[in-house]
Amino acid sequence: MAEPILQLEGVVKDYGTEVITRALDGVDLRLEAGEFAALIGPSGSGKSTLLNLVGLLDRATAGRVFVAGQEVATLDDRGLTRLRRRTLGFVFQFHHLLPALTAEENVMVPLWAERGRADEEMRRHARELLGEVGLAERAGSKSGELSGGQQQRVAIARALAMSPALVLADEPTGNLDTKSADAVFDLLRRFNRERGTTFLVVTHDPRLAQRTDRIVELVDGRICCDNPWPPRGGERPQGTMAQER
Amino acid sequence: MPFEWFLALRFLREGRLQSLLILAGVAVGVGVIVFLSALITGLQASLVDKTLGSQAHVIVRPEEEQARVLGNSDAAVTLRRENAPQRRELIDEWQPLLETIAAEPDVLAVSPVVSGPAFASRGAALEAITLNGIVPASFDQVIRVSDSIVSGRFELSGEDVVIGRELAEDLGVAVGERIRLDGGEQRSAVFRVSGIFDLGSREVNERWVFVALRSGQSLLSAGNSISTVDVRVGDIFAADAIAARIAERTGLIADPWTKLNAQLLVALRSQSASSFIIRFFITVAVALGIASVLTVSVVQKSSEIGILKALGTSTERVRRVFVIQGGLVGLIGSGLGSVIGATLALFFSRIAQTPTGEPTFPVDLSPQRFLVAALVATVTGLLAAVAPASRAAKLDPAKVIRRG
Ligand SMILES: Nc1ncnc2c1ncn2[C@@H]1O[C@H](COP(=O)(O)OP(=O)(O)O)[C@@H](O)[C@H]1O
Ligand SMILES: [Mg+2]
């Protein structure tokens, strides 16, 4: 891997103008293509803030953020939109889908937003992705007609629609029961293996974190631990899934 | 379908009750505007029509000094003045004048007229009249008498006379019967009634009498001269300008119909002004309605907007989604409103009928009216959407997504 898909150098993020909250306090992080990393930490430790910066939804107060080799501070609004569209996929904890749209249309949104016009190829692509997340027959359903787990699977299909290099997921299983959470997590894993997509997944659930290749832990806006998983000397070597492929 | 159109339509369909309410609001507004302007335009057109049904658009007459200079000797003028002080000055060399006026742009027809006071009598009945010596073919181009003939024909050979309905009743004559016309100065002759007209005005029907130009000239002692040149123009609201041009070109006085109907014109103007003010405020109300509904919709949809932006939808596209909604609401609402307005107008014109079953005035439902309504409503919708749309476009996706 010549170039990391994601690189943070001394990233600081402050909120507020009078009372300043330092959400991130000098974060260095490097993510290689193909990694599957969990971001854990107590509530309020800055996980979502970090994801928003990486997701180009917000700008850092200090430090440098590189996504796919581009320093994001140099990009204007349009440049950010384009980089976001081409490189990044999102799975949110809330607001999974646009309720006014069907599952298929939701999956089409990123491509549609880029090309402006829907075509048959775009629909076929969306249906294929829905098939891959096991929802081929729910393509025409509005999101209100889907269960929470199904909605999150549609959101995953949507995150993958542009074949992004890096998928950011903020507690994607936070609202799901254990069984659905497992299914959704399996899906993320599978795409990581099959396509080599890089994942950065925020989770509260230690059980799920242990199914990743790497665990990054934030405490009070700083990275306190960053270890490959399973730990060195465990039953699996440091080598990650990506390297196994 | 372009993404922003798809989203705009879907958002409108999804916000069913809201969309229906604002559509109804726009429809009612546009309906009232269409109804009101159809009514007022129809009313005005019929007023103008009635007025101009028996009036030339421009009447060209001599200036007093000029008439004196033209032709006649001082003695003749003096004589004429003394004998008939009410009689107007005359135009002598009028053939080239007709051509000059007819050559002016937007002049449709010109006709020479000799006119003056006279008396019509039959047996013991005697009525004061205005005698008009005319050339029927060209006069009919200026004032459509032939369309208003109720009995007989609009024909004037040497001994024919065409009179109005009321005069015919007052004298007790019918077509084919004879009356005597007396122009004063012992000039009188017997004419045969060849036609009876109804020009829609009691005064005109009582007083106007048409004879051939030559007969008129001889009854009124006008020699070969005429009193006025009557003119029909293409655009009646350009009559002032055309009259001014004719006056300048000929050195004569040219009175447009507006000068002779100043009061009517003031009434029309103030009617138009009040209707404009009403339409303006309705348009403002419609714009505010659309803007407020869209603003609420932007707030309600802020999470969707955040997702769209996070997924790479450009700010410009998001803005367009809402601007399109405003335009669509205006367009569809104006379609419904046109139907409402047209229905109201037709209904109204049906109940406002004369005893004979004719509408008192026709409502003006020209397609142009609906096009204008649709255009104004659509543009209003687009403009009303600008503020909510930029609000949507400016939404910060990070905030929306964080809120949960
Ligand atoms: N928009 C904001 N304005 C002010 N403070 C914020 C904002 N977003 C997050 N914070 C603060 O930043 C810190 C980190 O928040 P967050 O990144 O959401 O943590 P996590 O996702 O790990 O729970 C918290 O103290 C939170 O209150
Ligand atoms: Mg969070």
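Helical content alone sets the calculated 222 nm signal of chain B at -19000 deg cm²/dmol, taking -39,500 (n - 2.57) per DSSP H segment of four or more residues and averaging over every residue. Protein heavy-atom surface of chain A, 1.4 angstrom probe: 46% of the accessible area is carbon and sulfur, with nucleic acids and ligands not counted. Note on B:Val284 and B:Val339: with the Förster distance fixed at 30 Å, the Cβ-Cβ geometry gives a FRET efficiency of about 0.85. For the stretch B:68-233, carbon and sulfur atoms together expose 47% of the accessible surface, with a 1.4 angstrom probe and every protein chain in place.
Here the simple spin-label model places points 7 Å from the Cα toward Cβ, and for A:Ser147 and B:Ala189 these points are separated by 10.9 nm. Each stretch of four or more DSSP H residues adds -39500 (n - 2.57); spread over every residue of chain A, this sum gives -10000 deg cm²/dmol at 222 nm.
Counting only protein heavy atoms and using a 1.4 Å probe, the accessible area of B:Asp140 comes to about 30 Å². Relative to the 2.2 N^0.38 Å rule of thumb, the stretch A:36-162 has a C-alpha radius of gyration ratio of 1.16.
For A:Ile20 and B:Gln300, the FRET efficiency from 1/(1 + (r/R0)^6), where r spans their Cβ atoms and R0 equals 41 Å, is about 0.80.
Whole-percent P(r), the stretch B:68-233, all Cα pairs, 10 Å bins from 0: 11, 39, 34, 15, 2.
When DSSP beta bridges are restricted to pairs lying wholly in the stretch B:68-233, around 75% turn out antiparallel.
Compactness ratio for the stretch B:147-247: Cα radius of gyration over 2.2 N^0.38 Å (N = residue count) comes to 1.23. Annotation: the antiparallel percentage among DSSP beta bridges lying fully within chain A is about 55.
Beta bridges per DSSP, both residues in chain B: antiparallel share near 80 percent.
Distance between the C-alpha centres of the stretch A:65-112 and the stretch B:148-162: 86 Å, rounded to the whole angstrom. For the stretch A:168-219 versus the stretch B:193-216, the inter-centroid distance based on Cα atoms is 100 Å.
Axis of helix A:148-159 versus longest Cα principal axis of chain A: the two differ by about 80°, to the nearest ten degrees.
Its relative contact order, with pairs defined as Cα atoms under 8 Å and 6+ residues apart, puts chain B at 26 percent. Note on chain B: lysine pairs with Cα distance below 15 Å, sequence gap of 8 or more or different chains, count 5.
Could you give the angle, 0 to 90 degrees to the nearest 10, between helix A:178-195's Cα long axis and the longest principal axis of the Cα atoms of chain A? Once rounded, the angle reads 90 degrees. Buried surface for the B/A pair, taken as the accessible area of each chain alone minus that of the pair with a 1.4 Å probe, is close to 2500 Å² in total. Spin-label model, B:Ser121/B:Ser146: points 7 Å from Cα along the beta carbon direction are separated by 3.5 nm. Excluding ligands and nucleic acids, what accessible area in Å² is computed for A:Thr102 using a 1.4 Å probe, to the nearest 10? That residue has around 20 Å² of solvent-accessible surface. Among the DSSP helices (H) of chain B, those spanning at least 30 angstrom by Cα along their long axis with an average Kyte-Doolittle hydropathy of -1.0 or more are B:16-52, B:262-300, B:315-351, B:367-394; this is a geometric and hydropathy rule only. Taking every protein chain into account, the accessible area of the stretch B:68-233 amounts to 47 square angstrom per residue (probe 1.4 Å). Overall shape of the protein assembly as shown was characterised from the C-alpha gyration tensor. The equivalent ellipsoid obtained from it has semi-axes of 92, 24, 18 Å, in decreasing order. Straight-distance candidates among the aspartates and glutamates for linking to A:Lys13, with alpha-carbon spacing under 14 Å and chain neighbours fewer than 8 residues away dropped: A:Asp25, A:Asp28, A:Asp58, A:Asp220.
The values are calculated or read from the model by the stated rules, or taken from the named source; none is laboratory data. All of these numbers come straight from a predicted model, not from anything done at the bench. Cβ atoms come from the backbone with ideal geometry, glycine included; neighbour counts cover every protein chain shown. Just so you know, the surface numbers come from the protein's heavy atoms only, side chains and all, with ligands and any DNA or RNA stripped out. Shrake-Rupley method; radii C 1.70, N 1.55, O 1.52, S 1.80 Å.
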